[in-house]
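Taking it in order: structure first as structure tokens, then the write-up.
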Amino acid sequence: MKKFILIFIYFALTLSVLSVFWQVRNFDFINYDDNTYISDNSYVFNGLNSDGVLWAFTTGHSANWHPLTWLSLMLDCQLFGADSGKIHLINLFFHIANTLLLFAVLKKMTGSLWPSAFVAAAFAIHPMHIESVAWISERKDVLSTFFLLLTLASYIGYAKRASVFRYITTLMIFAFGLMAKPMLVTLPFVLLLLDYWPMGRFGTVKKKKTDASQKTFGFLVLEKVPFFVLAAVSSVITFFVQRRGGAVADINILSLESRIANVFLSYARYVGKMFWPRNLAVFYPYDADSFVFWQVAICILVVLAVSFFVIRLAKKQKYLFVGWFWFVGTLVPVIGLVQTGGQSIADRYTYISYIGLFIMLAWGLSELLSKWLHRKIILAISAAIVLTAMGICTHKQIGYWKNSSTLFSRALAVTENNYIAYTSLADDLRTRGEVAPAIEYYKKALQIAPSHADAVLGMGCALTNEGNLTQAAEYLKKSLQLKPNHALAHYNFGIVLQKQGRFAESLDSFAKAVQLDPGSAEAHNNLGNLLVLNGRGYEAVEQFRIAGGLKPDWYVPANNLAWLTATRYELKDYDMNGAIGLARRACELTDYRDPAVIGTLAAAYASAGKFTEAIDTVQKAMTAADAAGQPEIKGALQYHLTFYTQGKAYLEDTTEVIPDTNQP
């Protein structure tokens, strides 16, 4: 019977998660981190390979060092390509695994079946956990928690039967967790809490003689030293990576008083949202000017009062002490003493920390009602009502994560002065070609936060799309003043300079973009274009090769390299069969519909001395130009044909720039 109940609980937990979260299979990438993590990240998008693995362990991209997260996303792209729905499902499957692991670990440690099941169920479907599951970029959350729970499972085995092998295994799993997300640095403290309850490893020297499982406090701390060392190393790496990436706010910008006030406000808001998860948003703006003294004072008193209360009850109701300080402690890295990002709080930060509050509720209510006649029935009905309400709320709320438009429109509806939401909505509109409304949203973002670098950059890009190059250049200059090491800003400034005919300056901008983000295929391609213009063809060849390697399914660098090697006199010794192969690949990627690309194949045939093929191909290109309504391209192709009919290759003026198809 007990085995049947266990199977039922595992099945019910799995079914609950699937029924609430299954809709993520139809969700898109969002333009808030998903682009930098996957869709615009060549290293990730190309799947698992040696270059990508090396990059994962050495990069501080996105102001984080989490190589295992990068590797997991690379594997997704290797398996599913650009299918955002299937990548979302991987997040979901990790969440299911975490839910089942949490139940198993708690049951193993406490021996309590139904309280453990309630904690796991609340963890599974609480609305505050949507962000960690429905946001692809938060793979680091579900993956690191997976390793955290595996660490706890391994630690249980070590505590019951100590051995060097079990200890090292536990330590290694913890290291993997840190390489998925450094928020796990508080895990050594969690292990000490669990030593106290429910594992009961705290004891005295006298007790140690009669109970081998109990240890002195000093021994237990000493036992955690290697864990603390790993946590310290991870913390140092994270601080420097985030500092270099601009994620850590200058200590002079946010006063110590403001940061301390936000700490207590945040703890109170997190507790409040656990009981009443309303007005959830992907981003909650930090606004120190909105802090009200009496509100801060009440929050400080509440947090201190609860801490005092659980400490007083620590000997009898140990689960209250452990649950509360699990919640408080695991939030320390992201509570805002060292401010990273512009958010005041974030739903994703509760993914691990709420486990502590759920423990307090599950064991606390069970003990509180211990003398009631129908305690089990009351608890079962209450739990069913609460969990059903959670599931309904989560199912509705998760729908806002369908795409960027729905997500950030919702954020604007439930928050004030949300410059991130305005900027992201503007980015979404601009990429869909709706430039005029995008500019209006950028203006609203900049009215709230004039120094928000992403909004300044977005405005510069939108003005470039609109053809207002002078103003675009001013905004892009400002964005570089705000974030000098922003590769995308250098890239877009290079585009504007190129359109203005300032080719030498444009080359410098693209070179800087490549230096800052060597994984950007677009920057390599444009750098190649500018090198061609400056008569540096051999250097351009290398840039086009790199761009093609980073983005194999993008026809532009293949076409550019084929055209360059087929039509430049200084590259006459280049392998023209290779040029033909590149041109064919570009034609295949464009389904032989682009007349200019087909013309490149014709030029490559002619340079290889295959004039019959060149003539046939250029005629097909002219037919495609007619079909596409492109008379200028047809005219150029007819001119090229005059060379091929004379048995000559077409060699162009070395001052002619390869046409650029990139957009900012």
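Just so you know, all these numbers are worked out from the coordinates, no wet-lab data involved. Not measured: the values here are computed from a predicted model. For neighbour counting, all protein chains shown are included, and Cβ atoms are generated from backbone atoms with ideal geometry for every residue, glycine included.
Structure data summary
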{"quantity": "Inter-site label distance for residue 58 and residue 371 at 7 Å from Cα along Cβ, in nm", "calculated": "6.8"}
{"quantity": "C-alpha long axis of helix 139-160 to longest principal axis of the chain, angle in °", "calculated": "40"}
{"quantity": "Tilt relative to the chain, helix 225-244 - C-alpha long axis, 0 to 90 degrees, to 10", "calculated": "40"}
{"quantity": "For region 439-455, 3J(HN,Hα) per residue [Karplus equation, 6.51 cos²θ - 1.76 cosθ + 1.60, θ = phi - 60°, Hz, x = Gly/Pro]", "calculated": "4, 5, 5, 4, 4, 5, 4, 6, 5, 7, 9, x, 9, 6, 4, 5, 5"}
{"quantity": "Residues with amide H under 5 Å from that of residue 202, placed H, sequence gap 5 or more", "calculated": "215"}
{"quantity": "Listed peptides 107-116, 33-42 by packing density, highest first (mean Cβ within 10 Å)", "calculated": "33-42, 107-116"}
{"quantity": "Reachable lysines, given that their alpha-carbon falls under 27 Å from the alpha-carbon of residue 610 and they are not under 8 places away in the same chain", "calculated": "572, 620, 634, 648"}
{"quantity": "Debye, to nearest 20: dipole size of the chain, +1 on Lys, Arg Cβ, -1 on Asp, Glu Cβ", "calculated": "4360"}
{"quantity": "Positive-end residue, the chain charge dipole about Cα centroid, Cβ charges, pick of 621, 554, 571", "calculated": "554"}
{"quantity": "Protection-proxy order for peptides 408-418, 547-557, 139-149, 268-278, each taking the mean of Cβ atoms within 10 Å per residue, highest first", "calculated": "139-149, 547-557, 408-418, 268-278"}
{"quantity": "With Cα atoms, 0 to 90° folded angle of helix 350-368 axis to the chain main axis", "calculated": "20"}
{"quantity": "Rounded to the nearest 20 debye, dipole of region 553-664 from Cβ charges on Lys, Arg, Asp, Glu", "calculated": "260"}
{"quantity": "Peptides 92-103, 570-581 ordered by average Cβ neighbours within 10 Å, highest first", "calculated": "92-103, 570-581"}
{"quantity": "All-pairs Cα distance distribution in region 553-664, expressed in whole percent, bin size 5 Å", "calculated": "2, 14, 24, 27, 22, 9, 2, 0, 0"}
{"quantity": "Cα-derived Rg to Rh of region 524-579, Kirkwood definition", "calculated": "0.94"}
